[in-house]
Amino acid sequence: MTTAYEFACERYAEHGVDVDAAVAAMDAYPVSIHCWQGDDVGGFEGAGELGGGLAVTGNYPGKARNAEELRADADLAMSLLPGKHRFNLHAIYAETGGEKVERDQLTAEHFAAWIDWAKSRGVGLDFNPSYFSHPLAASGVTLSHADKSVRDFWIDHGKACRRIGAAMGAATGSPCVTNVWVPDGSKDTPADRKAPRERLACALDEVFSEKLNPKQNLDAVESKLFGIGAESYTVGSHEFYMGYAIKNGKVLCLDAGHFHPTEVISDKLSAVMQFIPEVLLHVSRGVRWDSDHVVVLSDELRAIAQEIVRGGYGGRVHIGLDFFDATINRIAAWVIGVRSTQKALLAALLEPWGEVRDAEAAGDLTARLALMEEHKTLPFDAVWTHYCEAKGVPAGAGWLKQVQKYEAEVQSQRS
């Protein structure tokens with residue numbers, strides 16, 4: 001009897017697609033799993049209130065209260081995902097042994113346990129300075145602050161984080177993407193839009209002044225349209241950071257929730273890749289605005305994956321998740337988000353794009369549309385099931401039972 005996978009291989013082969021090659025190519029697309037989904041962007045400083053225009057909705061029980069619990073939760077999530085992935089940390093997740101260590105004084109030693117954990121599991125690490133939830137960020141302004149002493153503190157924080165990122169990259173043998181995002185902006189219309197951007201550009205130059213080995217650390221910069229408390233003006237806009245990245249050879253971060261709701265980053269990829277060496281994607285799901293809902297297999301997620309594969313950008317695009325939902329089990333949120341992203345990537349690798357491209361090149365727009373629609377019903381699920389089984393993880397919703405068991409036995413014991 002022909003198996004579902006064999007049937008899928010035959011159907012895709014009719015369209016010129018080598019299914020085995022597509023499945024093998026998935027190993028080249030690790031997803032960076034964001035630590036902050038596991039504890040609602042709390043970190044271990046004890047700051048209490050989340051700042052920087054960030055907000056987490058919900059109070060689902062069982063969130064991680066310390067690094068050990070967060071790592072255990074991440075272990076379970078990664079055990080339910082096909083393939084090897086990465087883990088993305090913020091500076092506020094430093095382990096300081098109960099001592100107060102200011103952010104401009106952080107070193108790789110404060111992340112030694114994270115590095116050891118990543119090495120033991122064979123996963124890479126990514127990193128982020130934390131320009132929020134801090135007394136010197138209470139005004140919502142950091143690297144563009146008019147007060148030089150405040151600006152210098154955050155510059156030194158950025159420098160410290162780049163060194164930490166480089167140490168992570170050296171230890172794991174995989175470059176760490178260290179991403180800079182600041183909440184700087186204005187709630188109401190500013191009188192001077194120029195000066196804060198001049199200060200931010202100069203501050204970034206200082207943050208990046210130390211030359212680091214790109215095999216250990218890659219610098220990324222992230223824009224945003226607006227945020228809570230910065231509705232009228234954002235210093236680090238898309239235009240600002242795109243210009244800065246082009247001028248300085250930095251990785252440009254495109255966050256799916258950081259643009260107008262009618263804009264999509266799938267349309268931006270082939271544009272920015274003409275001028276930017278590498279791109280960092282923060283895959284999220286905005287509803288109405290930058291609400292950071294858990295990623296699902298949406299049309300936009302499929303389009304993002306298609307652009308990565310069609311453009312041959314696999315070696316130049318770093319894929320990470322960025323959402324925080326406390327209305328559902330936090331581990332399940334991780335698993336749903338990563339598996340959805342992987343499904344989109346596998347579907348893109350299986351897409352018979354060649355015949356669609358040929359029809360378009362020939363001016364046959366009727367065939368282009370007809371083929372695009374026919375491709376939507378090719379037997380993708382059989383290939384996804386095969387891929388999961390080959391990697392030793394549940395193919396269907398069986399993973400949810402493991403999360404529910406863990407919730408009952410472990411997470412429910414957390415007060």
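None of the figures in this text is laboratory data; all of them are computed from the coordinates on show. The shown structure was predicted, so the numbers you read here are calculated from the model rather than taken from an experiment. Glycine gets a Cβ as well: all are built from the backbone with ideal geometry, and neighbour counts include every protein chain shown.
Can you list the GluC sites (Glu not before Pro) in the stretch 182-222 that are in a DSSP coil and have 12 or fewer other beta carbons within 10 angstrom? Don't jump to the answer; show the numbers that get you there.
Details: sites: GLU198, GLU206, GLU210, GLU222; in loops: GLU210.
Passing sites in the stretch 182-222 are GLU210.
In order along the stretch 244-257, the Karplus-derived 3J(HN,Hα) couplings, from 6.51 cos²θ - 1.76 cosθ + 1.60 at θ = phi - 60°, round to 5, 5, 5, 5, 10, x, 9, 6, 9, 8, 10, 9, 4, x Hz, and Gly and Pro are given as x. For the stretch 359-366, putting each phi into the Karplus relation 6.51 cos²θ - 1.76 cosθ + 1.60 with θ = phi - 60° gives couplings of 5, 5, 5, 7, x, 8, 6, 5 Hz, in residue order, rounded to whole numbers and with x for Gly and Pro.
When both bridge partners sit in the stretch 29-350, DSSP labels roughly 15% of those beta bridges antiparallel. With R₀ fixed at 35 Å, the C-beta to C-beta distance from LYS215 to ALA361 puts the FRET efficiency at about 0.35. For the pair ASP116 and VAL287, how long in nm is the line joining their label points, each one 7 Å along Cα→Cβ? Distance between the two pseudo-spin positions: 4.1 nm.
Pairs exceeding 23 Å between alpha-carbon atoms, taken from LYS63/LYS250; LYS215/LYS268; LYS84/LYS119; LYS63/LYS401; LYS84/LYS376; LYS211/LYS268: LYS63/LYS250; LYS215/LYS268; LYS84/LYS376; LYS211/LYS268. Across the stretch 279-385, Cα-Cα pairs farther apart than 23 Å form 37% of the total. With a simple spin-label model that places each label point 7 Å from the Cα along the Cα-to-Cβ direction, the separation between ARG316 and ARG65 comes to 4.8 nm. Backbone amide hydrogens, once placed in the peptide plane, bring PHE87 within less than 5 Å of ILE33, GLY124, LEU125, ASP126, excluding anything fewer than 5 places away on its chain.
Apply the Kirkwood formula to the stretch 29-350: the hydrodynamic radius equals the inverse of the mean of 1/r over all pairs of different alpha-carbon atoms; give it in Å with one decimal. This gives a value of 19.6 Å. For the chain, with a Gaussian network of springs between Cα atoms less than 10 Å apart, report the residue from GLU373, GLU307, GLU109 with the top mean-square fluctuation. Of GLU373, GLU307, GLU109, the Gaussian network model singles out GLU373 as fluctuating most.
Spin-label pair GLU389-MET372: with each label point 7 Å from Cα along the Cα-Cβ axis, the two points sit 3.4 nm from one another.
Just to be sure I understand: of the beta bridges DSSP finds with both ends in the stretch 251-351, what percent are antiparallel, rounded to 5? In the stretch 251-351, approximately 20 percent of DSSP beta bridges are antiparallel ones.
For an R0 of 35 angstrom, estimate the FRET efficiency from the Cβ-Cβ distance between ALA28 and SER232 and round to the nearest 0.05. Calculated transfer efficiency: 0.25. If the segment from VAL101 to ALA397 were pulled out straight at 0.36 nm per residue, it would be longer than the present Cα-Cα gap by 102.3 nm. Short-range pairs are left out: with C-alpha atoms under 8 Å and at least six residues apart, the relative contact order of the chain is 20 percent. Computing FRET efficiency as 1/(1 + (r/R0)^6) for THR3 and LEU297, where r is the C-beta to C-beta distance and R0 is 30 Å, gives about 0.80.
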